[in-house]
Amino acid sequence: MVDIRSVHKSFGQLDVLKGIDLQVRTGQVTVVLGPSGSGKSTLLRTINHLEKVDRGAIHVDGTLIGYRRSGDRLRELPEREVLKQRTRIGFVFQNFHLFPHLTVLENIVEAPVSVQKRPRQEAEELARRLLERVGLADKADAYPRRLSGGQQQRVAIARALALEPRLLLFDEPTSALDPELVGEVLDVIKDLARQGTTMIVVTHEIGFAREVADTVVFMDDGRIVEQGPPGEVLDRPRHERTRAFLSKVL
Ligand code: ADP
Ligand code: MG
């Protein structure tokens, strides 16, 4: 589903991704761990072309992201095409990013109607089913500010699902939450995992990684230091940097 090859990314003089290779199979959950500043968010953002790569290529479900081949050169796609690619990749942010002036239902219906041109009634029916799925059927008409952080994040997940993405990306989805609200969001993500949703989740929740991940990836300083099943990377890390990181977060 995801094929990342030799991806490099710099911001000015700062090399943030230094040759990333990562493959994710359909239906699998990949958890990305690593210290702050190691390039985790940048990696997620390159996958839906919120950041352009400097070198390398990313395919999602066989589609080259952000570029098209012309002869042996790559040309950047026009923004309109990039937006179309993006609609099939859901992104859930640390700080929810809900539209404050729209109700919960309107937040979810917005993109299916305006981007995918789905009939409003159909989009609303889907939105209500999704709200049910994340346990918020009774909040359809509430405004985001009236919800707890955990509820807002569950709405954000429903909103991402409304585009029927092939792939879901989560960037520290529980980091902004009070501890007692973390579980309800992780439960929703676990439920998606059980249903075979392909996901890449950046998180520091090691217990979640152990329970849900098919693959755990440890990043440090712009590189993937090691990756493998949680039982290996979390319990028998081979690299000193992984051990040092885990000893801090566990
Ligand atoms: P992580 O998510 O692992 O904490 P990030 O991918 O956010 O790491 O950031 C990696 C490095 O890239 C950091 O040093 C950060 O300051 C830098 N960085 C991220 N985005 C930008 C940007 N838009 N412009 C300049 N530097 C950036
Ligand atoms: Mg980050």
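Please treat every number below as a calculation from the coordinates, not as lab data. If you're wondering where the values come from, they're calculated on a predicted model, not measured in any experiment. Glycine also receives a Cβ, built like all others from the backbone with ideal geometry; neighbour counts cover every protein chain displayed.
Going through PHE93, PHE11 one at a time, which residue ends up being of a type outside the set (D, E, K, R) and within 25 Å of LEU177 (Cα to Cα)? Working first, answer last.
Details: PHE11 fails: within 25 Å of LEU177 (Cα to Cα).
When all the criteria are applied, what remains is PHE93.
ARG129: closer than 30 Å to THR63 by Cβ, in contact with a Gly (Cβ under 9 Å, 6 or more places away or on another chain) and not in a loop (DSSP other than H, G, I, E, B), yes or no? Outline the logic, then answer.
Numbers: closer than 30 Å to THR63 by Cβ: yes; in contact with a Gly (Cβ under 9 Å, 6 or more places away or on another chain): no; not in a loop (DSSP other than H, G, I, E, B): yes.
Here the answer is no, as ARG129 does not meet what is asked.
Look through the range 1-38, keep the residues that are of a type in the set (Ser, Thr, Tyr) and under 15 Å from the mean Cα position of the chain (by Cα), and return whichever of them is farthest from ligand 2 (Cβ to nearest atom).
Within the range 1-38, the subset of a type in the set (Ser, Thr, Tyr) is 6, 10, 26, 30, 36, 38.
Now restrict to residues that are under 15 Å from the mean Cα position of the chain (by Cα): 26, 30.
Details: THR26: 25, THR30: 16 Å.
Taking the candidates together, the pick is THR26.
Checking each residue in the range 54-110 for being over 23 Å from ARG5 (Cβ atoms) and in a helix (DSSP H, G or I) picks out GLU79, ARG80, LEU83, VAL104, LEU105, GLU106, ASN107, ILE108, VAL109, GLU110. Would you please name the residue that is surrounded by the fewest Cβ atoms within 10 Å (Cβ to Cβ), looking only at residues in the range 11-21 that are within 9 Å of ligand 1 (Cβ to nearest atom) and without any contact (Cβ under 8 Å) to a residue 60 or more places away in the chain? Among those residues, the one meeting the criterion is GLY12. Consider the range 22-77 and keep the residues that are within 16 Å of ligand 1 (Cβ to nearest atom) and among the polar types (S, T, N, Q). The one that is surrounded by the most Cβ atoms within 10 Å (Cβ to Cβ) is THR46.
The single condition among (1) touching a Gly at 6+ places or on another chain (Cβ under 9 Å); (2) touching a residue at least 40 places away in the same chain (Cβ under 8 Å); (3) β-branched (Val, Ile, Thr) that THR103 does not meet is (1). Picking from residues in the range 134-164 that are farther than 19 Å from PRO179 by Cα and under 17 Å from the mean Cα position of the chain (by Cα), the one that is surrounded by the fewest Cβ atoms within 10 Å (Cβ to Cβ) is GLU164.
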